[in-house]
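The values are calculated or read from the model by the stated rules, or taken from the named source; none is laboratory data. These figures come from a predicted structure and were not determined experimentally. Don't worry about glycine lacking a Cβ; one is built from the backbone with ideal geometry, like all the others, and counts go over all protein chains shown.
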Amino acid sequence: MRKRWFWFLGFCFFLIGCAKPPKPLDFSQEYTFSGPSLNIPGWLKPYTINGKTYYPLPSAKGYEEICIASWYGPGFHGAFAASGEVYNMYEYTAAHKLLPMGTYLLVTNLENGKQVVVRVNDRGPFVGDRCLDLSYVAAKELDIIGKGTAKVKIVALGEGEIKDSQMVYTHIPNFYKGEFYLQVGSFRHKENALQYKRQLEKEFSKVEIEPFIKGDCIFYRVQIFLSDDLNQALSLYQNLKKQRFKGAFLVAR
């Protein structure tokens, strides 16, 4: 299912403002999930790396963060992740220092607007001010392989639940419903974007302009509404890209 995300990814809100992450809590004692107190699972226990202690969060609800993301690949491919899974650099996963294992994240590259959805299954990165280590395939979708890092925004979409001390994925977001658009142009001058929008409106019923801030500049991105169903949007996207809009890509809101 993750491979279906690979053109657009989404539930895009294009939230540019920076929200503070939830304050880390002290889990040096037992944590009560529901009912009787349980011994906290290994991935929720505080841990120390390079002399610094980290306190994982019990919930990702409302979590947003703007920071630097990096990626990791061949050197770790096939090794065990902190969740106990075997790391596969061709799956859409990521490492985060605090978020619960199983958290689904919408990651937006703020340098180019591209997005991907990943699932947290490892801890890290522990280098400088980086907040997220993406798998190879996720980093490739965001165009950060060559550069190595990028400024991103991460938004928690959903997460698993603890049942009988085990992680159960019960709140996986429905990736197949939303508002799916084809981005066909990006302009630095709003009037140019408006002119292109008026031309497209002769053929398409809904065309919108989505502002995008990059550094000190505002870009006006022209997007054509395709569908509220992912499968239909992908079909239309493939046909339009092949026949007319060579450099277009799919986005979701």
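Of note:
- Set 94, 138: member being surrounded by 22 or more Cβ atoms within 10 Å (Cβ to Cβ), in contact (Cβ under 8 Å) with a residue 12 or more places away in the chain and closer than 28 Å to residue 222 by Cβ: 138
- Residue match in the range 86-98 (condition: at pLDDT below 90 and touching a Ser or Thr at 6+ places or on another chain (Cβ under 9 Å)): no
- In this structure, residue 132 qualifies as at pLDDT 95 or above, of a type outside the set (S, T, N, Q), under 20 Å from the mean Cα position of the chain (by Cα) and surrounded by 13 or more Cβ atoms within 10 Å (Cβ to Cβ).
- Reported count of residues in the range 51-91, each being charged (D, E, K, R) and farther than 15 Å from residue 135 by Cα, is 4.
- Residue check for residue 207: at pLDDT 95 or above and over 19 Å from residue 71 (Cβ atoms): yes
- Residue within the range 61-68 that is touching an Asp or Glu at 6+ places or on another chain (Cβ under 7 Å), surrounded by fewer than 19 Cβ atoms within 10 Å (Cβ to Cβ) and either at pLDDT 85 or above or within 30 Å of residue 248 (Cβ to Cβ) (or both) present: yes
- Among the candidates 52, 45, the residue that is charged (D, E, K, R), assigned by TED's automatic domain parsing to the domain that holds residue 156 and either closer than 12 Å to residue 124 by Cα or modelled with pLDDT under 80 (or both) is uniquely 45.
- Whichever residue in the range 97-118 is polar (S, T, N, Q) and surrounded by fewer than 23 Cβ atoms within 10 Å (Cβ to Cβ) and, among such residues, is farthest from residue 139 (Cα to Cα): 112
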